[in-house]
1. Can you name every residue in the stretch A:160-199 that is surrounded by fewer than 19 Cβ atoms within 10 Å (Cβ to Cβ), touching a Leu at 6+ places or on another chain (Cβ under 6 Å) and under 19 Å from A:A262 (Cβ atoms)?
2. Looking at (1) surrounded by 12 or more Cβ atoms within 10 Å (Cβ to Cβ); (2) in contact with an Asp or Glu (Cβ under 6 Å, 6 or more places away or on another chain), which is the one condition that is false for B:P110?
3. What residue, among those in the stretch A:227-246 that are in contact with a His (Cβ under 8 Å, 6 or more places away or on another chain) and of a type in the set (A, V, I, L, M), is surrounded by the fewest Cβ atoms within 10 Å (Cβ to Cβ)?
4. Can you tell me which residue within the stretch A:123-142, out of those that are polar (S, T, N, Q) and under 17 Å from B:D94 (Cα atoms), is surrounded by the most Cβ atoms within 10 Å (Cβ to Cβ)?
5. Residue by residue through the stretch B:1-39, note down the ones that are more than 14 Å from every other protein chain (Cβ to nearest Cβ) and aromatic (F, W, Y).
6. Checking B:V63 against (1) farther than 30 Å from A:T148 by Cβ; (2) within 18 Å of the chain's Cα centre (by Cα); (3) surrounded by 11 or more Cβ atoms within 10 Å (Cβ to Cβ); (4) aliphatic (A, V, I, L, M): exactly one of these is not met. Which one?
7. Working only within the stretch A:200-215, note down all residues that are within 12 Å of chain B (Cβ to nearest Cβ) and either surrounded by fewer than 24 Cβ atoms within 10 Å (Cβ to Cβ) or at positive phi (or both).
Amino acid sequence: MNEALLRSLTPKVLGILVRRGADFAAAEDAVQDALVEAVRVWPADPPQDPKGWLVTVSWRRFLDAARADAARRRREDLVDEEPAPGPARAVDDTLQLYFLCAHPSLTPSSAVALTLRAVGGLTTRQIAQAYLVPEATMAQRISRAKRTVSGVRFDQPGDVATVLRVLYLVFNEGYSGDVDLAAEAIRLTRQLAAAIDHPEVAGLLALMLLHHARRATRTAPDGSLVPLAEQDRSRWDTTAIAEGVEILQAALARDRLGEFQAQAAIAALHADAPTAEETDWVQIVEWYDELARLTDSPVVRLNRAVAVGEADGPRAGLAALAALDDALPRHAAVTAYLHERDGDLTTAARLYAEAARRAPNLAERDHLTRQAARLNARRDR
Amino acid sequence: MAKYLLLKHYRGAPAAVNDVRMDQWTPEEISAHMQYMRDFAARLEGTGEFVDAQALAPEGTFVRYDGEGRPPVTDGPFAETKDLIAGWMVIDVDSYERAVELAGELSAAPGAGGKPIHEWLELRPFLTEPPTITE
């Protein structure tokens with residue numbers, strides 16, 4: 001059974017239940033139950049109409065739960081009025097679900113969890129494993145999130161930017177657990193792009209595809225990081241790159257630039273270079289200038305300094321760094337690299353070691369420690 | 001979304017404000033303290049921020065490899081060890097500020113006289129997976 005197909009039906013089915021009058025939290029539980037049932041039943045007995053099957057089963061689950069709830073509270077209202085289960089509505093509420101699950105009243109971690117469950121159709125257990133927390137904790141996080149948005153009107157227009165931030169977080173989380181979060185983020189962004197015509201949605205999808213294309217080459221078999229310049233470009237996924245570039249070009253042509261399009265443009269310039277030496281750093285600096293204008297993020301200016309160092313030489317890069325706060329993440333690593341390029345190996349080795357101590361993740365720490373060790377060994381010889 | 005370790009020390013942390021050894025408390029004060037810890041963990045489970053909590057025995061053994069074919073060497077416990085971990089809690093929160101807030105609440109657990117211990121807790125971020133997007 002194609003689990004991705006099954007999960008792609010999740011938001012559509014959930015939207016139908018909510019339109020029929022089910023409250024979001026109860027409908028979401030019912031759809032989860034139906035998904036579990038589908039995984040159990042479909043391999044032996046595949047339905048003619050998978051979506052219709054899911055709507056029927058989840059609606060039944062919803063009514064059962066609502067009746068049990070009403071009986072428990074000795075109240076018997078509303079739930080016996082079952083609407084005629086006519087043909088599924090033509091309107092697709094997938095977009096409304098994205099807005100609801102990324103509602104600004106939610107914290108980032110709650111929005112991520114709710115999106116993966118209600119839009120992505122993942123189980124609580126899968127989400128808990130992906131984020132390395134106990135299942136009970138994730139279950140609470142999700143039910144709190146559902147309570148938080150319970151007063152939000154379903155048909156209220158939402159903000160695409162909040163949805164994109166949530167999807168970016170899912171993609172950037174990496175690859176822990178048995179759920180491939182990066183691939184899931186791409187699937188969800190693709191689905192969003194089908195539901196709304198927006199250049200930044202396209203920009204984010206392009207950005208994801210262009211980074212995903214390099215995935216196999218980003219780490220060595222032993223798990224250590226391989227820097228962009230040393231990656232085996234013959235192993236980059238050219239299909240994903242071609243798709244990313246095409247989506248990006250169509251988005252840029254609409255002349256409504258945003259930060260994800262600008263980031264994707266930088267990724268595309270890297271993907272486009274046959275060798276690291278042939279990278280068009282001058283154009284990359286220009287895109288970082290655009291990006292700094294759009295976001296004014298210090299991290300962007302840090303990355304810009306790296307690009308300046310490649311385009312105009314390490315001294316120019318160090319000059320660009322001088323204006324930045326040295327407490328920024330990766331500041332020491334970037335400074336070390338530029339000093340090494342400038343031939344000052346002693347300073348570079350010291351800064352690589354300092355950067356290693358401040359690295360936020362293990363792979364980066366090990367990589368930076370190796371850089372320091374490499375320079376120290378060369379100097380001692 | 002970041003995981004933090006809240007480390008509780010037997011020794012090695014600066015002295016607490018209400019620094020009275022537990023065996024000098026009344027039984028009721030001990031019960032109140034334990035209840036506070038349980039309630040705190042339960043509340044974090046409710047907010048979807050709880051990952052793990054464990055307590056450690058105060059005395060342990062040092063072990064090291066002693067060469068091919070030889071059994072490991074054991075030593076200790078050492079009474080003079082400066083840093084001694086009592087236990088920990090692992091939380092998964094949205095920000096460093098939230099982690100500090102929760103550590104502050106845990107440090108307010110009641111001790112002698114039913115008053116907050118104001119114990120120093122050590123807050124340590126976990127190293128994460130590398131992000132997908134780096135440049």
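1. Correct list: A:A193 only.
2. Tallying (1) surrounded by 12 or more Cβ atoms within 10 Å (Cβ to Cβ); (2) in contact with an Asp or Glu (Cβ under 6 Å, 6 or more places away or on another chain), B:P110 fails exactly one: (2).
3. The extreme case among them is A:L228.
4. Among residues in the stretch A:123-142 that are polar (S, T, N, Q) and under 17 Å from B:D94 (Cα atoms), the one surrounded by the most Cβ atoms within 10 Å (Cβ to Cβ) is A:T137.
5. Of the residues in the stretch B:1-39, the ones more than 14 Å from every other protein chain (Cβ to nearest Cβ) are B:6-39.
If the condition is that a residue be more than 14 Å from every other protein chain (Cβ to nearest Cβ) and aromatic (F, W, Y), then B:Y10, B:W25, B:Y36 are the ones that fit.
6. (2)
7. A:H212, A:A213, A:R214, A:R215 - these are the residues of the stretch A:200-215 that are within 12 Å of chain B (Cβ to nearest Cβ) and either surrounded by fewer than 24 Cβ atoms within 10 Å (Cβ to Cβ) or at positive phi (or both).
Yes/no matrix, rows are residues, columns are (1) touching a residue at least 60 places away in the same chain (Cβ under 8 Å); (2) touching a Ser or Thr at 6+ places or on another chain (Cβ under 8 Å); (3) part of a helix (DSSP H, G or I); (4) under 26 Å from A:Q263 (Cβ atoms):
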{"position": "A:V306", "(1), (2), (3), (4)": "no, no, yes, yes"}
{"position": "A:E310", "(1), (2), (3), (4)": "no, yes, yes, yes"}
{"position": "A:L324", "(1), (2), (3), (4)": "no, no, no, yes"}
{"position": "A:A333", "(1), (2), (3), (4)": "no, no, yes, yes"}
{"position": "A:R357", "(1), (2), (3), (4)": "no, no, yes, no"}
{"position": "A:E364", "(1), (2), (3), (4)": "yes, no, yes, yes"}
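The values are calculated or read from the model by the stated rules, or taken from the named source; none is laboratory data. The model shown is predicted, which means the values in this text are computed figures rather than measured ones. In this analysis, Cβ positions are derived from the backbone assuming ideal geometry, glycine residues included, and neighbour counts consider all displayed protein chains.
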